[in-house]
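Take a look at the structure below.
Just so you know, all these numbers are worked out from the coordinates, no wet-lab data involved. Because the structure is predicted, anything quoted here is derived from the model rather than measured. Methodologically, a virtual Cβ is constructed for each residue, glycine included, from the backbone with ideal geometry; neighbour enumeration extends over all protein chains shown.
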Amino acid sequence: MEIQENVSLKKYNSFGLDVKAKYFVELTNNDDVKELLKLDDLHYAKRLIIGGGSNILFTKDYDGLIAKISTKGNKVLEENDKDVLVESCAGEKWNDFVTYCVEKELYGVENLSLIPGTVGAAPVQNIGAYGAELKDVFESLQGININTGEEKTYLKNECKFDYRDSIFKGELKDKFLITKVILRLSKEKKFNLNYRAFQSYLKPGEQKNITLKQVSELVKKIRRDKLPNPKKYGNAGSFFKNPEVDKDKIDELHERFEDIVHFKVTEEKYKIAAGWLIEKCGFRGKNIGNVGTYKRQALIVINFGEATGNEIKNFTEQIQNAVHKKFGVNLIPEVNII
Ligand SMILES: Cc1cc2nc3c(=O)[nH]c(=O)nc-3n(C[C@H](O)[C@H](O)[C@H](O)COP(=O)(O)OP(=O)(O)OC[C@H]3O[C@@H](n4cnc5c(N)ncnc54)[C@H](O)[C@@H]3O)c2cc1C
């Protein structure tokens with residue numbers, strides 16, 4: 001384990017921002033993690049844990065220690081006729097983990113294929129796509145409290161999972177380092193292909209005999225068609241969450257905007273497609289300097305060149321103001337702004 005100084009984070013964040021970390025360390029095994037936490041004498045005031053940096057917007061140099069988690073390994077912990085408990089180290093690439101499951105014919109994470117980032121970050125915002133969320137297969141996780149050094153296991157009901165949210169994005173933010181994630185995958189063939197995008201990609205009848213590998217490949221194809229590749233266009237996926245509103249608010253908006261794209265969550269709670277709101281404010285495909293939104297999906301904010309984190313932040317604040325002015329709805333960033 002080597003602690004480096006003044007390290008460029010350009011290759012460690014999917015916006016491709018060339019900011020620096022005062023101190024930087026890559027942790028490749030769990031002993032490194034424990035050793036790092038013993039280095040109290042360094043008195044790092046600030047510490048940030050990162051995986052793939054695909055959900056972070058750095059607005060300035062980081063005046064503290066960045067610990068990149070690169071621990072690797074997947075293993076089966078136990079299995080029965082129906083399902084299998086798999087443990088994965090936090091630094092595994094999420095998509096490599098999905099591939100591991102698909103190769104072992106384990107069902108449950110195929111809709112989450114190709115989401116960038118690491119296994120350790122997946123519970124932080126309860127990653128989700130195409131009608132599936134991490135919490136659907138989540139069993140528990142292990143990690144270390146970075147203030148006390150205490151090792152702890154969190155069971156599903158303790159993680160406060162919600163839409164793109166968990167205890168690790170809330171009260172334990174920057175306080176708990178996730179080292180291992182344990183998921184329960186199914187041996188039984190069952191798919192969740194209700195999401196709209198699947199219908200337009202699958203021919204009638206194709207759904208019936210589809211295999212696990214085919215579903216995973218289909219998800220990858222849809223994602224490659226719809227989302228910009230961060231290697232070409234720096235981005236962090238959806239910049240904002242889809243806002244939730246109550247029934248009165250959705251009724252009011254529906255009267256004013258007949259085509260508003262929204263989903264019912266409960267009788268009293270509705271979600272509005274943030275991309276639709278942004279598009280209706282004229283921001284789809286709009287650029288200001290080096291920053292803009294993706295022409296096929298207004299929810300994705302792109303660094304088109306040498307944008308700074310602050311330029312990106314200012315641009316996203318313009319979007320928030322425009323949406324609030326037109327619809328009276330607050331957009332909350334999904335991305336972690338540092
Ligand atoms: C093109 C693109 C598409 C995307 N599509 C989706 C999508 O469909 N669905 C979705 O949910 N997300 C999506 N995202 C967002 C991103 O992929 C996920 O949030 C992912 O889980 C982030 O993983 P990461 O390792 O890059 O985390 P990072 O960006 O490195 O970190 C994210 C947060 O987690 C914390 N963290 C990271 N690792 C640990 C750890 N081991 N212990 C404790 N805290 C940790 C960090 O401190 C930070 O607060 C997309 C991003 C991109 C660029």
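Tabulated data
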read-out: Reciprocal of mean inverse Cα separation for the chain (Kirkwood radius, Å); value: 21.2 Å
read-out: Selected from V181, A197, A90, residue furthest toward positive end of dipole (the chain; charges at beta carbon); value: A197
read-out: Lysine pair number, Cα distance threshold 26 Å (strictly under), the stretch 4-69, separation 8 or more or different chains; value: 28
read-out: Sorted by Cβ neighbour density within 10 Å, fewest at the top, the residues E139, E252, E188; value: E188, E252, E139
read-out: E139 long-range amide H proximity, modeled H, under 5 Å; value: I182, L183, R184
read-out: Alpha carbon centroid spacing (whole Å) that separates the stretch 162-221 from the stretch 273-319; value: 27 Å
read-out: Viscosity 0.890 mPa s, temperature 25 °C, Stokes-Einstein D of the stretch 234-337 from Kirkwood C-alpha radius, µm²/s; value: 175 µm²/s
read-out: Pairs of Cα atoms farther than 18 Å apart, the stretch 278-321, %; value: 15 percent
read-out: Kirkwood Rh and Cα Rg combined as Rg/Rh, the stretch 74-226; value: 0.99
read-out: Karplus-derived HN-Hα couplings along the stretch 6-14 (A = 6.51, B = -1.76, C = 1.60, θ = phi - 60°), whole Hz, x at Gly and Pro; value: 6, 9, 5, 9, 3, 7, 10, 9, 6
read-out: The chain, dipole about Cα centre (Lys/Arg Cβ +1, Asp/Glu Cβ -1), debye to the nearest 20; value: 1160 debye
read-out: Over the stretch 45-141: Kirkwood hydrodynamic radius from C-alpha pairwise inverse distances, Å; value: 14.5 Å
read-out: Value of relative contact order over the chain, rounded to a whole percent, pairs C-alpha under 8 Å and six or more apart; value: 16 percent
read-out: Dmax and Rg, reported as Rg then Dmax, of the stretch 4-69 (C-alpha, Å); value: 11.6, 33
read-out: Chymotrypsin sites (Phe, Trp or Tyr not before Pro) restricted to the stretch 52-114 and DSSP loop, no more than 14 other C-beta within 10 Å; value: none
